[in-house]
Amino acid sequence: MKKVMLLLFIASFSVIFGQDQKLTPFKIDFIRFDGDAFLGYDSFGSYYTIKNNVFSKINMRDTLEYKNISLGKIIKVDLQNPLKIVLFYENFNTVIILDNQLNETQKINFSESIIPIVVSAIGIASQNQLWIYNSMNQQLGLYDYLNNDYKTISVPFTESIRNYSSDFNVFHWVDNKNNWYVCDIFGKIKSKGIIPDFDSIVIINESQLIYSKDAVLILYDLEKGKKTEIEISEKTFKKFYYKDQILSIFTSAGITNYKITIP
């Protein structure tokens, strides 16, 4: 009888131990917000939004706005450097760079470039450069926006880009077959593997990402092959955002911010 009880105890312990643990973040605050898109925060506590194609910077002191009706819809915003904010207007193949007061400091129309460039992905890189995915040749390049100089750094992509993100030193993308790749500023490409299907995704580093599927948030560690559900109170949401251990959930009511520690 004792042996039977011992075996049952070991079996139950193994089941509990084998189950994926859930990650429960700590709710910090809630911000009421009526807009089309929440874009995230900068290191100074300001947050950025888009409503009716107007780009806004909001903090406790004031709200700054930028709009450019002539260029159509804002497709992408890069906030990595709050002193050089990048707005991408894909329909007009144009990038606007703003300072921290949302004053326009530079306008780049790639259709006027000597080298044919049709941009479909963009991000700020190091040394006064922009990451450019040129759909004309399906290659990744770097554009020096001070000297108006462009160089191709990668081989042609074999599949179209489904999702992408970048920092100053690397460009991440997931193709339409859910293959995850990363390219450095020297053009060296590494395949990170195939990731689970997703509705939206935020890449944290070269081995971890958070993705949503059917309104469920999952932390995925590619190296460990581990999925961990992130428990939040929202049953549905428009989008989520993660940076520096802050998880922001954007719903029709507003923005809920959570403190989360990524293992």
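The values are calculated or read from the model by the stated rules, or taken from the named source; none is laboratory data. Because the structure is a prediction, the values reported are computed rather than measured. Note that each Cβ is placed from the backbone with ideal geometry, even for glycine, and that neighbours are counted across all protein chains shown. Heads up: the accessible areas ignore ligands, DNA and RNA and are worked out on the full protein's heavy atoms, side chains in. Shrake-Rupley method; radii C 1.70, N 1.55, O 1.52, S 1.80 Å.
In table form, for the structure just shown:
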quantity: Share of carbon and sulfur in the accessible heavy-atom surface of the chain [1.4 Å probe, %]; calculated: 53
quantity: Per residue accessible area in Å² of the chain, where ligands, DNA and RNA are left out and the probe is 1.4 Å; calculated: 55
quantity: 0 to 90° range, to nearest 10: angle between helix 2-18 axis and the chain longest Cα axis; calculated: 10
quantity: Hz values of 3J(HN,Hα) by residue in segment 246-252 - Karplus curve (6.51, -1.76, 1.60), Gly and Pro given as x; calculated: 10, 9, 10, 10, 9, 10, 5
quantity: Cut-off 12 Å, label 7 Å out along Cα→Cβ of Asp221, residues of segment 166-208 by amide N; calculated: 207-208
quantity: Option label - Rg/Rh (Cα atoms, Kirkwood Rh) computed here, alternatives [x] 1.05; [y] 1.13; [z] 0.95; calculated: [x]
quantity: Full-extension gain in nm, Glu104 to Met136, via 0.36 nm per residue minus C-alpha separation; calculated: 8.8 nm
